[in-house]
Each structure stands twice: as C-alpha cells, then as structure tokens.
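Before any comments, here is the structure.
The values are calculated or read from the model by the stated rules, or taken from the named source; none is laboratory data. Source: prediction; values computed, not measured. Cβ: placed from backbone, ideal geometry, glycine included. Neighbour counts: every protein chain shown.
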Amino acid sequence: MDTYIISAIKERVSDRLYTLVGKCVLHVPSKAAFSLYDSVTISNENEIRLVGHSSKRACSIAIGKIAKVYKRKAIENEELEEVAKKMEGKIERAAKGLARAYVSGAPISIRFHSDGDGASGALAVYYALSALSKSMPSVRWEAQHSIAYTLEAFYSDIGFFSNCNSAEKPKLVIIDFGTSPESNEAVNEIRKKGIDVIWLDHHQIPKGFSKGLKAYINPLEYGGESDFTAGYLACIFAECISGIKTDLLKSASLISDSSIYANKKDADAAKVATVLDFITGVKKYTGYIAGPLVPSYFAKIIEDKEKLDEINAYANMVIDDMVNTGIKIAKRHAGKDGIEINVVDFEEVGKKYSGYVLPGRYSSKLHEKIEAMNPKSVTVVSFKNSISIRISRGITKKLDILKGIDSIKAEHEGVTGGGHESAAGVLVWNGNIKEVLRELLAYMGAKV
Ligand SMILES: [Mn+2]
C-alpha cells in the first residue's frame with residue numbers, strides 16, 4: 001500500500017483538509033486529528049490511516065519529486081531573449097518556490113490585473129499548476145481592477161494564510177499590477193511580516209519599491225521595456241513550473257498590451273486577447289459572463305471554440321462601432337511639427353455600451369485606427385476626471401508627453417499622472433479637467 005506524508009493541514013468549519021504527498025498529491029478531508037509529517041495510508045473508503053511519524057526532511061524530498069523545475073527555454077526574438085536571460089535565475093527560483101508551495105498544499109493567493117495581459121499570465125500559471133496536480137483547493141485567485149496592492153488585500157491574504165499549517169510557506173503572487181506608490185503601505189507590511197511574494201510586473205518602478213522583495217521580477221530592472229509585458233513574463237514563469245507550452249498565451253498577452261513585439265498576424269492569439277480582455281473588462285453584459293473572473297473560467301471559454309468565436313465577434317463589433325464613432329466625432333487640431341491631435345469625449349462614444357471597452361483600452365484601439373490613417377498622430381480621450389493619451393511611436397522624440405504632464409502637475413494641485421512615452425494618462429481631482437486638457441493641447445502645439 002502506498003504511504004504518504006501529511007504536508008498541510010487546513011482548518012475548516014466542520015473538518016480538516018489534509019494534503020498528502022507521496023507518489024502524487026492528494027487532498028483528503030477528515031474529522032480526525034493528524035499532525036504535520038505524519039506518515040499515512042489511504043483506505044478504500046478514502047479514510048486516512050496512521051502508519052507512523054515521518055520527518056520534515058522526508059516530506060521535503062517527497063515534495064521535490066513532484067515539484068521538479070524546468071529550465072527556461074530560449075526565445076527567438078533577440079531583444080526579449082537578452083532581457084529574459086538576465087532574469088532567468090530569479091524566475092526559476094521563484095517557479096521552484098511556487099511549485100513546492102503548491103504541491104505541499106500551502107495557501108497561495110494569486111492576484112492578477114483584470115485585463116487581457118494579466119488574465120493571460122494568470123491562465124498560464126493556472127495551466128502550469130494544474131499540470132503538477134489537478135485539484136487546487138489551496139489556491140485563491142483574485143482579478144484586480146485597481147492599480148494598487150492595498151492594505152485591505154494584504155490583510156485578506158494574511159487571514160487566508162492563517163488557517164493552514166503547511167510544510168512550505170504560503171505564497172502571495174502578484175501579476176501585472178501593484179507597482180505604484182499606492183501599494184507602499186501594504187509592501188511595507190509584506191517586508192515587516194516576511195511574507196513570501198512573487199511579483200511579476202512591467203510597470204514603471206518608483207524608487208526603492210522592490211527593495212527587500214526577493215522575487216520581485218520586472219523587465220524594467222533588467223534593461224527591458226514595458227513591451228515585454230507581465231503576461232509574457234508570467235508565461236515564462238509558468239513554463240519553468242511544469243514544462244508546459246504557453247505560446248498562444250504569450251502571443252495573446254503581447255497583442256493585448258499593444259506591445260511592439262506583438263505579432264498582429266497571429267489570428268488565434270488575437271482572438272484570445274480580445275476575449276480575455278472582454279470578459280475581464282465588461283461589467284454589464286451578464287449574458288456573456290456566466291462565471292467568476294478566475295482562470296478555470298477563462299480556460300473553459302477559450303477552449304470552447306464556439307463560445308470563443310461568439311464573444312470575439314461581439315467584442316469586435318462593439319470596438320469597431322465605438323472606434324468609428326470616435327473618428328466621426330473627434331475634434332482635430334494641428335499641433336507642432338505636422339502632428340495631428342484627435343480629441344474624443346468618451347462620454348459620447350461609451351454611452352451605448354457601458355462597461356466595455358474601458359476608456360484607457362478604448363484610446364489604444366482608437367489610436368490604432370487613427371494612426372493607420374496618419375502615422376504622426378496623437379489620440380486624446382477624456383472621460384469624467386481622466387485623460388488618456390496615445391502617441392505614435394514615430395513622433396515621441398518630438399513630443400515628450402511625460403515632460404508636459406510633469407509641468408502641468410507642477411502648476412496644478414490635485415493633478416496626478418504619468419505612464420510611458422507613447423501611452424500616458426492624467427487624473428484631475430480638482431474639477432478643472434477642461435483647463436488641464438486645454439493646457440495639455442497647448443503643450444502639444446494646438447491653438448486652443
Ligand atoms: Mn500589462
């Protein structure tokens with residue numbers, strides 16, 4: 001009879017859930033009290049029978065037999081490969097840590113940005129963990145709409161971690177969000193309490209942000225750009241966990257975040273990108289959303305060809321209609337050096353389809369179309385207190401939008417914002433959005 005070692009004990013309302021490691025991983029509920037590292041067998045009635053007491057070391061070896069870690073595979077694109085090469089030690093160590101925690105039954109909280117990039121990364125990690133062991137009662141998935149990892153989220157994670165006693169330490173995994181000063185309080189608590197966090201992101205890093213976080217991985221710290229995308233990074237990470245292939249999701253994440261490395265001709269990946277973006281961004285199309293925003297549901301949809309095509313067609317119809325309306329109603333201004341500036345009030349295009357597409361994503365889609373007509377274009381979308389700006393890559397040398405935003409921030413109290421040289425955003429908290437917009441346009445050389 002096969003023997004197993006108890007590697008985790010989760011307290012539940014009326015019983016305990018034991019994780020057993022041996023020739024495979026088992027999750028067995030029982031009302032009886034066993035201890036960590038007890039050596040046990042399973043009866044035909046799925047009951048745990050005590051054999052003796054094993055050791056922490058033997059348990060660690062059993063975990064290691066299932067949580068084998070795979071070497072990173074080389075990437076064809078040289079620029080991506082160069083950055084990935086520099087991160088690979090860290091990625092492989094983090095993958096090993098997560099695989100071991102997962103196999104042991106330790107609590108794992110995985111938080112990912114609720115968009116196509118974040119969702120494709122989370123989905124890759126989901127597939128990787130499933131390949132190690134199908135059922136995952138110790139993993140909690142949370143789609144995040146905010147840009148920050150908040151104190152509230154932190155305390156919720158601590159609570160989730162606290163009702164389980166496990167051979168490996170609990171893990172917090174953050175994908176594609178949270179790198180921002182708004183996360184500082186929670187990050188300080190992570191450092192203070194010594195929480196194990198694996199953080200895969202590609203957003204601009206505030207000074208000192210990653211200090212003391214062993215598995216904070218961001219291509220920007222390795223000579224890379226945001227175009228690497230967090231989803232792509234999470235796919236590499238996932239491949240190291242269990243050797244799965246994630247080519248489709250890699251490509252989808254690059255397309256979804258409009259990366260310069262995106263292969264726009266990859267129609268299958270474009271479909272996945274659009275659909276993941278749709279189901280994570282939509283709010284009111286309950287007819288299309290029949291499940292929670294977790295990877296098992298994403299997997300169900302993208303593996304159902306009919307459903308995938310149906311949502312893809314609908315999402316594209318909405319995008320096309322909104323983009324065409326935007327082009328029709330855009331106010332056009334001539335800026336400096338022959339630049340064309342297109343300004344759209346999102347209220348005008350969005351009222352028909354509340355929820356999808358969100359304004360930031362919409363400005364990227366609208367800009368794609370405008371740019372195809374004029375490669376020296378700027379697209380500005382305003383919505384309530386926010387202004388979203390997209391700038392064609394060919395003119396970012398002439399138009400330093402981040403400098404413009406900084407000077408407006410310096411002049412106005414209650415204005416925040418930033419971003420990249422080709423995609424930036426401004427938030428106006430003092431009610432003067434019209435004035436801020438006028439100053440932004442004047443900075444670009446428009447006569448307003
Ligand atoms: Mn992203």
Just one listed residue, out of Lys192, Lys171, is of a type in the set (D, E, K, R) and surrounded by fewer than 19 Cβ atoms within 10 Å (Cβ to Cβ), and it is Lys192
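Residue by residue, here is whether (1) within 18 Å of the chain's Cα centre (by Cα); (2) within 19 Å of Tyr362 (Cβ to Cβ); (3) surrounded by 18 or more Cβ atoms within 10 Å (Cβ to Cβ); (4) in the same structural domain as Val380 (by TED's automatic domain parsing) holds:
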site	(1), (2), (3), (4)
Lys245	no, no, no, no
Lys265	no, no, no, no
Phe298	yes, no, yes, no
Asn316	no, yes, no, yes
Gly326	no, yes, yes, yes
Ala330	no, yes, yes, yes
Asp337	no, no, no, yes
Glu340	no, yes, yes, yes
Scan segment 119-155 for residues that are within 14 Å of the ligand (Cβ to nearest atom) and assigned to a strand (DSSP E or B) and jot them down.
Ala143, Gln144
Scanning for something out of contact with any Cys (no Cβ under 6 Å at 6 or more places or on another chain) and under 25 Å from Ala252 (Cβ atoms), does segment 327-346 turn up at least one residue?
no
Within segment 84-118, which residues are over 22 Å from Gly159 (Cβ atoms), within 16 Å of the ligand (Cβ to nearest atom) and outside any loop (DSSP other than H, G, I, E, B)?
His113, Gly116, Asp117, Gly118
Out of Lys207, Lys245, sole residue that is free of Cβ contacts under 8 Å to residues at least 12 places away in the same chain, within 24 Å of Ala299 (Cα to Cα) and of a type in the set (Lys, Arg)
Lys245
Selection within segment 33-83 - under 30 Å from Tyr261 (Cβ atoms) and assigned to a loop (DSSP other than H, G, I, E, B)
Lys68, Val69, Tyr70, Lys71, Arg72, Lys73, Ala74, Ile75, Glu76, Asn77
Val415 being crowded, with 21+ Cβ neighbours inside 10 Å, in the same structural domain as Phe346 (by TED's automatic domain parsing) and over 26 Å from the mean Cα position of the chain (by Cα)
yes
Inter-residue pairs, beta-carbon under 8 Å, first surrounded by fewer than 16 Cβ atoms within 10 Å (Cβ to Cβ) and in segment 1-17, second part of a strand (DSSP E or B) and at pLDDT 95 or above, 6+ apart
Met1/Thr41; Asp2/Thr41; Asp2/Ile42; Glu11/Cys164; Arg12/Pro29; Asp15/Pro29; Asp15/Ser30
If I ask for residues that are touching a helix residue (DSSP H, G or I) at 6+ places or on another chain (Cβ under 9 Å), acidic (Asp, Glu) and touching a residue at least 24 places away in the same chain (Cβ under 8 Å), which ones from segment 323-360 would you list?
Asp337, Glu340, Asp345
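This table checks each residue for (1) without any contact (Cβ under 8 Å) to a residue 24 or more places away in the chain; (2) polar (S, T, N, Q).
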{"residue": "Ile108", "(1), (2)": "no, no"}
{"residue": "Gly116", "(1), (2)": "no, no"}
{"residue": "Tyr126", "(1), (2)": "no, no"}
{"residue": "Ala131", "(1), (2)": "no, no"}
{"residue": "Ser146", "(1), (2)": "no, yes"}
{"residue": "Asn165", "(1), (2)": "no, yes"}
{"residue": "Asp176", "(1), (2)": "no, no"}
{"residue": "Val187", "(1), (2)": "no, no"}
{"residue": "Gly194", "(1), (2)": "yes, no"}
When segment 143-162 is examined, which residues are found to be surrounded by 15 or more Cβ atoms within 10 Å (Cβ to Cβ), of a type in the set (Asp, Glu) and within 17 Å of Thr179 (Cα to Cα)?
none
So Lys250, is it assigned by TED's automatic domain parsing to the domain that holds Tyr149 and away from the ligand (no atom under 16 Å from the Cβ)
no
Given (1) buried (at least 16 other Cβ atoms within 10 Å of the Cβ); (2) closer than 21 Å to Ile205 by Cβ, index of the condition Ile395 fails
(2)
Could you identify the single residue in Asp176, Asp157, Asp196 that is farther than 23 Å from Ile63 by Cβ and not assigned by TED's automatic domain parsing to the domain that holds Ser39?
Asp176
Just checking, how many residues over segment 251-271 are charged (D, E, K, R) and either touching a residue at least 60 places away in the same chain (Cβ under 8 Å) or on the phi > 0 side of the Ramachandran plot (or both)?
1
